[in-house]
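The values are calculated or read from the model by the stated rules, or taken from the named source; none is laboratory data. Note that the structure is a prediction, hence the values are computed from the model and not measured. Reconstructed Cβ throughout: ideal geometry from the backbone, glycine too, with neighbour counts over all protein chains shown.
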Amino acid sequence: MIVRQMVVGSMSVCCYLAICEKSRKSVIIDPGGNEEQILKAVKDEKATVEYIINTHGHPDHDCGNGKLQKATGAQIVIHEDDAEFFAKPEVKHYFSVLGLPESPPADKTVKDGDVISFGEESLTVLHTPGHTPGGICLYSSPNLFTGDTLFVGGVGRTDFPGGDTKTLIRSIRSKLLPLPADTVIWPGHGYGGDSSTIATEARTNPFLTGDL
């Protein structure tokens with residue numbers, strides 16, 4: 001799998017283009033703006049976009065969905081719990097203050113353990129609630145796209161609607177830390193760094209070591 005990381009949008013979201021090297025079929029993960037930059041990467045890689053996957057429903061991670069879907073014809077994918085949660089009028093109103101474009105409805109919802117395939121590659125959905133009710137990570141050894149669940153040296157905020165700190169830490173400990181130590185973490189923001197590994201985070205992340 002080829003992985004291209006791009007920092008996009010007003011909130012510096014780490015967007016990813018994951019490509020099957022043989023077929024050039026691909027997925028876009030968390031397009032948070034700068035759609036032309038993302039489309040240029042697709043063109044440069046001679047890739048065909050099958051899916052636009054959102055690790056969660058916050059507007060900074062899905063505001064590019066509409067333009068990219070129109071340009072590529074790809075299906076929008078999100079966890080079923082976030083599809084339901086972010087469709088609530090009160091939740092839409094809360095996040096509307098960010099002034100970011102609203103995503104079209106998802107074409108496909110997923111749940112824990114589902115597999116998203118593109119060419120000869122696939123991503124396994126790991127449901128990791130806590131940052132949002134339907135937050136997910138996407139795993140294909142050795143790569144793990146963690147969205148706003150796990151950062152380099154940090155974890156996602158839990159003070160937004162639908163967030164819960166205990167749930168988030170439990171998600172990380174039960175779903176992510178058991179993965180192979182050399183698993184590469186690709187986070188949703190590069191606050192502490194652009195990438196890490198499970199071993200490094202288990203050893204040094206203060207939210208996981210109890211050093212806070």
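Residues of the stretch 131-147 that are in contact with a helix residue (DSSP H, G or I) (Cβ under 8 Å, 6 or more places away or on another chain) and small (Gly, Ala, Ser): Gly134, Gly135, Gly147. Of the numbered criteria (1) under 21 Å from Asp114 (Cα atoms); (2) crowded, with 19+ Cβ neighbours inside 10 Å, the one Gly9 fails is (1). Just checking, does the stretch 66-76 include any residue being within 16 Å of the chain's Cα centre (by Cα), under 24 Å from Lys111 (Cβ atoms), surrounded by fewer than 17 Cβ atoms within 10 Å (Cβ to Cβ) and not aliphatic (A, V, I, L, M)? Within the stretch 66-76, one or more residues are within 16 Å of the chain's Cα centre (by Cα), under 24 Å from Lys111 (Cβ atoms), surrounded by fewer than 17 Cβ atoms within 10 Å (Cβ to Cβ) and not aliphatic (A, V, I, L, M). Here is a check on your reading of the model: is Leu68 in a strand (DSSP E or B) and at pLDDT 95 or above? Here the answer is no, as Leu68 does not meet what is asked.
Only a single criterion out of (1) at pLDDT 95 or above; (2) assigned to a loop (DSSP other than H, G, I, E, B); (3) of a type in the set (A, V, I, L, M, F, W, C) is not satisfied by Phe95, namely (2).
Which ones in the stretch 123-178 are assigned to a strand (DSSP E or B), hydrophobic (A, V, I, L, M, F, W, C), without any contact (Cβ under 8 Å) to a residue 60 or more places away in the chain and within 16 Å of Cys14 (Cα to Cα)? The answer is Leu144, Leu150, Phe151, Val155. Inside the stretch 95-130, can you point out the residues that are surrounded by 17 or more Cβ atoms within 10 Å (Cβ to Cβ), under 17 Å from Ala74 (Cα atoms) and either in contact with a helix residue (DSSP H, G or I) (Cβ under 9 Å, 6 or more places away or on another chain) or not acidic (Asp, Glu) (or both)? Matches in the stretch 95-130: Ser103, Ala106, Thr109, Val110, Ile116, Phe118, Gly119, Leu123.
Among residues of the stretch 84-102 that are within 19 Å of Lys67 (Cα to Cα), those with a Cβ under 8 angstrom from a residue that is of a type in the set (Lys, Arg) and part of a helix (DSSP H, G or I), sequence gap 6+ or separate chain, pair up as Pro101/Lys67; Glu102/Lys92. If I filter the stretch 44-61 down to residues being charged (D, E, K, R) and more than 21 Å from Ser96 (Cα to Cα), which single residue comes out as surrounded by the most Cβ atoms within 10 Å (Cβ to Cβ)? Going through the qualifying residues, I end up with Glu50. Under 14 Å from the mean Cα position of the chain (by Cα) and not β-branched (Val, Ile, Thr), is that true of Ser96? When the stated conditions are applied, Ser96 does not pass them. In this structure, Ala83 does not satisfy being over 12 Å from the mean Cα position of the chain (by Cα) and in a loop (DSSP other than H, G, I, E, B). Would you confirm whether or not the stretch 29-43 contains a residue that is buried (at least 23 other Cβ atoms within 10 Å of the Cβ) and part of a strand (DSSP E or B)? The answer is yes, given that some residue of the stretch 29-43 is buried (at least 23 other Cβ atoms within 10 Å of the Cβ) and part of a strand (DSSP E or B).
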